[in-house]
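Nothing in this text is a laboratory measurement; each read-out follows from the coordinates by a stated rule. Here the structure is a predicted model, which means the values were calculated and not measured. Glycine gets a Cβ as well: all are built from the backbone with ideal geometry, and neighbour counts include every protein chain shown.
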Amino acid sequence: MGILTAFLVIFTTIFVIPIVFTICNSFMGKAEIASNYGMVFSTSATGAKQFISEVVNLKFIPDKVSFSQYITVLLKSPDYLFKFWNSVILVVPIVIFQLAVACLASYGFTRYRGRLREIIFFSYIILMLMPYQVTLVPNFLVAKWLHILDTRWAIWLPGIFSPYAVFLLTKFMRRIPVSMFEAAKIDGAGEWQIFQKICMPLCKGALASVAILVFIDYWNMVEQPLVLLSDEQMHPLSVFLSKINAGEVGLAFAVATIYMIPTLLVFLYGEEYLVEGISYQGGIKG
Amino acid sequence: MKKVVLRRKKKRVQAPASRSTIGERVIKRKSALFLAPSFLGVLLFFVLPFGVVGFYSMVNNPVQHKFVFLDNFIYVGKNAAFRLAAANTLKFSLVAVPLVVVLSMMMAFALEQAIPWKSRFRTLLLSPMMVPIASVVLIWKVLFHYNGVVNEFVQLLGGGKIDWFKSDYAQIILVLLFIWKNLGYNMILFIAAISNVPKEIIEVAQLESAKGWQIFFFIKLRYLSSTILFVTILSLINSFKVFREVYMLTGDYPYDSLYLLQHFMNNTFRSLDYQKLSAAAIIMCLFMIVIIGILFMTENYFGKDMEDA
């Protein structure tokens, strides 16, 4: 047991290093970061080279704790907060409505399993697996055709109807014993009542865990906004963050830390569900 | 519980409409209504675009729309860049997906043991999920830089410095990144599934003096088969998302061993060569259908097996 625990401690430590690293480095001053990682990010080694260290230091504890990165991000350039808000506006409706649509659909897939429906479910999986580059232009065409290009709807609508949540929820829902539905049916419940009163409460945990996954997925989106929203004012933080990487490394850590906060909150709030909720069996036994 | 579900599935799948009762038909019709919103949305935003892709894959160019049938496919199939990309992607998925499935299952079993700080471990192993891709890339650059930490470590062990992103080891970085990101959630799925294995059966097996490995292979793995399939599909999906990281790490034209299918598609997309892109997409899609079909059949086989037992 001792060996196993030790192994787990080491393994987990390696896992967490990048996160600790990001947070610690967000408290470093601009100069310190430049001297530590200058080599990594200097693209052309010109006259500035002598100020940059040759070795890349992986440093965790800053020489001098400084909030200058945060001050720049939060106070001096409102742009970052703007983008943060953009991210929220883009992601929250997608999560809510994708889950709503997916709940209904998964119920449809769970309640009856004919051959046709299995085929549809299978094609949902295939569609879900398509890389974004493939659906990019067709999505663009559909958005243009519906006149929603360059509006948030172009991101929202494909997001809401994405088969991802349907796939996950159906997998969870199908574990509910059929006898539960049949018992409710015999007691005179209609389909909507069964859905609302039996199915949904049993799926609470799964719902929370799917919500977390969908949230993380869209919180990190990069390609969709780049193609579907030409107005940079509407771009989310994820796109913005991938751009500052190239330029101001100093700010990147602070922005990344701020960027992690919502996900962290979602995690802290939903982690219990994520872990316990997947095994749906709280209270019922098949 | 599991048995009930499986038996029902068998009955419904094998007995189509002809033998179904009136009650069943009502359920079928009513539950179809639940499916409708999602189905229409998917049709409009996913299937219809896919039809467009299919159309483009068989015409000579987007303006003339002259039908050329399989010419584009032949062209893409002969294209060296596409072959390289397909081979790399296949290699990556074949290594990374089984590895992450096995590793996360092992971690799940490890956390099943009586170990202190169980839930801490779980949370911490999940945490890579919340790190934004952009900062993942930043960190990976620092770690695997030519003068970076990993190389210092390699030197400590007596090896020579490696320019990671421009070496044949580049795919290793990719696999590590993939495992780092996806292990946590897969592990959670396995933990949930392991806790669902009926304790009685294991107790009976122990009474019959079954050995530890026998219980593992003949009972636990059997019960985990549907979760294994689920996790495999999920990992497969995620293995395609790794492109985003590679792209941010190395740009449009990375070292040969990092050139993935999505690079090929991205580049053909840039050059507006939409017929080639579509043909590549269709080839990829057919391939996916075959892989997932095989996975499903394997699971069905084991599922049936369990029902008879």
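The longest part of chain B holding none of the exposed loop trypsin sites (Lys or Arg not before Pro), meaning those outside H, G, I, E and B in DSSP with at most 14 other Cβ atoms within 10 Å, is B:212-309. Summarising the amide proton neighbourhood of B:Val59: residues at separation of 5 or more, or on other chains, whose placed amide H is nearer than 5 Å comprise B:Val68.
Under the membrane-span-like helix rule (DSSP H runs whose alpha carbons stretch at least 20 Å along the helix axis, mean Kyte-Doolittle hydropathy 1.0 or higher), chain B yields B:80-112, B:170-195, B:221-241.
Between B:Thr250, B:Thr21, B:Thr298, the Gaussian network model of chain B with springs among Cα atoms under 10 angstrom shows the greatest mean-square fluctuation at B:Thr21. Residue pairs exceeding 18 angstrom between C-alpha atoms, taken from B:Lys78/B:Lys276; B:Lys161/B:Lys181; B:Lys78/B:Lys241; A:Lys83/B:Lys241; A:Lys171/A:Lys204: B:Lys161/B:Lys181; B:Lys78/B:Lys241; A:Lys83/B:Lys241. The slack in the chain from A:Thr13 to A:Glu118, taken as 0.36 nm per residue of separation less the alpha-carbon distance, amounts to 33.5 nm. Scaling against 2.2 N^0.38 Å puts the C-alpha radius of gyration of the protein assembly as shown at 1.01.
The mean number of Cβ atoms from other chains found within 10 Å of a Cβ in peptide B:25-31 is 6, as a whole number. Just add up the charged neighbours of A:Leu90: K/R +1, D/E -1, any other residue whose Cβ is under 11 Å from the Cβ of A:Leu90. Taking every Cβ under 11 Å from that of A:Leu90, the sum is +2.
For segment A:113-122, putting each phi into the Karplus relation 6.51 cos²θ - 1.76 cosθ + 1.60 with θ = phi - 60° gives couplings of 10, x, 5, 4, 5, 5, 5, 4, 4, 4 Hz, in residue order, rounded to whole numbers and with x for Gly and Pro.
All other residues whose Cβ lies under 13 angstrom from that of B:Ser257 are scored, Lys and Arg at +1 and Asp and Glu at -1, for a net of -1. By other beta-carbon atoms within 10 Å, ranking A:Ile71, A:Ile94, B:Ile172 with the fewest at the front produces A:Ile71, B:Ile172, A:Ile94. Under a straight-distance cross-link criterion of Cα-Cα below 15 Å, which aspartates and glutamates are reachable from A:Lys30, leaving out those fewer than 8 residues away in the same chain? Counting by Cα, and skipping residues close in sequence, A:Lys30 has these aspartates and glutamates nearby: A:Asp63, A:Glu248. With the helix formula -39500 (n - 2.57) applied to DSSP H stretches of n ≥ 4, the protein assembly as shown reaches a computed 222 nm mean residue ellipticity of -22500 deg cm²/dmol. A cut-off under 13 angstrom between Cβ atoms defines the neighbours of A:Pro18, and their net charge, with Lys, Arg +1 and Asp, Glu -1, is +1.
Calculated on the Cα set of chain B, radius of gyration then Dmax: 24.0, 75 Å.
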